1. Name the one entry in A:Met44, A:Met72 that is out of contact with any Cys (no Cβ under 8 Å at 6 or more places or on another chain), open to solvent by 40 Å² or more (accessible area, probe 1.4 Å) and within 14 Å of chain B (Cβ to nearest Cβ).
2. Considering B:Thr56, B:Thr42, B:Thr109, which residue is within 10 Å of chain A (Cβ to nearest Cβ), under 22 Å from A:Pro179 (Cβ atoms) and without any contact (Cβ under 8 Å) to a residue 24 or more places away in the chain?
3. Do we find a residue being closer than 22 Å to A:Gly96 by Cα, open to solvent by 60 Å² or more (accessible area, probe 1.4 Å) and within 11 Å of ligand 3 (Cβ to nearest atom) anywhere in the stretch B:111-131?
4. Please tell me if A:Gly157 is over 19 Å from A:Ile69 (Cα atoms) and in the same structural domain as A:Ile67 (by TED's automatic domain parsing).
5. Please work out which residue is nearest to B:Cys102 (Cα to Cα), limiting yourself to the stretch B:29-63 and to residues that are of a type outside the set (Val, Ile, Thr), more than 16 Å from ligand 1 (Cβ to nearest atom) and outside any loop (DSSP other than H, G, I, E, B).
6. State yes or no: is B:Glu76 in contact with a strand residue (DSSP E or B) (Cβ under 9 Å, 6 or more places away or on another chain), among the charged types (D, E, K, R), open to solvent by 10 Å² or more (accessible area, probe 1.4 Å) and more than 11 Å from chain A (Cβ to nearest Cβ)?
7. For residues that are out of contact with any strand residue (DSSP E or B) (no Cβ under 8 Å at 6 or more places or on another chain) and at negative phi, scanning just the stretch A:189-215, find the one that is least open to solvent (accessible area, probe 1.4 Å).
8. Could you count how many residues in the stretch B:32-43 are out of contact with any Asp or Glu (no Cβ under 7 Å at 6 or more places or on another chain) and farther than 14 Å from B:Thr109 by Cβ?
Amino acid sequence: MYDFGVKTPKSVDEVKTALGDSDDGQYLAGGQTLIPVLKQRLAMPSDLISLARVDGLSGIEAGGDSITIKAMTTHADVAANADIQSAIPALAKLAGGIGDPHVRNRGTMGGSVANNDPAADYPAAVLGLGATVVTTEREIEADNFFTGMFETALDEGELITEIRYPIPEAAGYIKFPNPATRYALVAVMAAKFGNTVRVAVTGAGPCVFRVPEMEQALTGNFSPDSVKDGMVPADDLNNDIHASRDYRAHLIGVLARRAVAEANG
Amino acid sequence: MPAITVRVNGLEVTKEVGARTLLSTFIREEMKLTGTHVGCDTSQCGACVVTINGKTVKSCATFAWEADGADIGTIEGLGDAENMHPMQEAFREHHGLQCGFCTPGMVMTAVNLVENNPDIDEDGIKHGLEGNICRCTGYQNIIDAVKTGAKAMRG
Ligand SMILES: Cc1cc2nc3c(=O)[nH]c(=O)nc-3n(C[C@H](O)[C@H](O)[C@H](O)COP(=O)(O)OP(=O)(O)OC[C@H]3O[C@@H](n4cnc5c(N)ncnc54)[C@H](O)[C@@H]3O)c2cc1C
Ligand code: FES
Ligand code: FES
């Protein structure tokens, strides 16, 4: 690791001051991605601005038609939350399937979404459920948030404070985990809101994406049979040591059918 | 960096730490508690698992200053050769270790799993140990050990 300074602000205002006072400050949430990156000297922040002691950045609030999760809420806390388990069980399941228990005890929703790893789980929840990302500056719709591989709509220094997930009528999430890392080789979130269906795929391409053709077919009939193989062409999918692009294309169909079946109970 | 104050296995200490000092380094080199092992240093293996305020974490993926004010539990806090924790006893009995390198993290994780879920079943044990890698045993003896340890912990 290159050396850095440490700042431990207690409020969002102090976070802004800490960032302003740093040449090139970077937020530290659970550190489960950033600490390994620092060890590899792939990042060289002048200061780490720890979000762990910032008041009001952690917790879960259940409303009538949405659930709001604060950025610093850990994967373990989302997985164990009774409101999420009953309102959006697919989201509790997704959080409970990230990495391993130790990673889930430290890793946070905000860190995962800000990082936008192409194989991460949370982007599928945010995009598949059509959530709203709330930052210190504005609200960003999921459809405009994930802009590319490890890229998001966040400006330099913009802090995610919370994410609002609308409660679907039904939703299912199925992941084919990479057996070594537990990241998604491919994973699919399928959600139904009245007459709208959203399908989001992570792990398969350079960035999480929706599948309009599946969404259309499922809007007519929200049943596994509506999902046909080949609805996502293999051409632009990831092709690596873990799986070929053809295999990933095949998995998308299989997992989407299972996600719809899970949603239907 | 200002000094941090932590309780390690119940003992309160205040020490200066560097910004880059990992919790694993702090425990091994400052506290001289070398039971906590560093297997991979890349957050993969779980040999370095300790508890912070009762939750298991990989101490190689946590800075020491992040634990300021916290209670830290390491393998030394469980028991020693004369006075083994029931889970340590169960690992011995079932040959749940060969080289022993992964064992501190395995035992810390196993004890925490059982504390959170005294009636944990085999599936729960397998899922709960997903973050702990063993290159020797093939896992079956570890799972047997955790079952026996859980029974002993239930009393
Ligand atoms: C062994 C292992 C297995 C894993 N398996 C999975 C898996 O199966 N699925 C999965 O999805 N992930 C997995 N992860 C990643 C894990 O979910 C991380 O917790 C997550 O990617 C990053 O969250 P963090 O809180 O640790 O963020 P950090 O590492 O602290 O930060 C990550 C990045 O986000 C920025 N950031 C953090 N919080 C905010 C915020 N509120 N606003 C703006 N920017 C912010 C930081 O500056 C940094 O650039 C795994 C990690 C490990 C080590
Ligand atoms: S040494 Fe920490 S996970 Fe391997
Ligand atoms: S006993 Fe050798 S690594 Fe587990």
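1. A:Met44
2. Every option except B:Thr42 fails the conditions.
3. No, the stretch B:111-131 has no match at all.
4. So A:Gly157 passes the test.
5. Residue satisfying both the conditions and the ranking: B:Glu29.
6. Criteria met by B:Glu76.
7. By that ranking, first place goes to A:Gly205.
8. 7
The values are calculated or read from the model by the stated rules, or taken from the named source; none is laboratory data. Keep in mind it's a predicted model, so treat the numbers as computed, not measured. Glycine also receives a Cβ, built like all others from the backbone with ideal geometry; neighbour counts cover every protein chain displayed. Just so you know, the surface numbers come from the protein's heavy atoms only, side chains and all, with ligands and any DNA or RNA stripped out. Shrake-Rupley method; radii C 1.70, N 1.55, O 1.52, S 1.80 Å.
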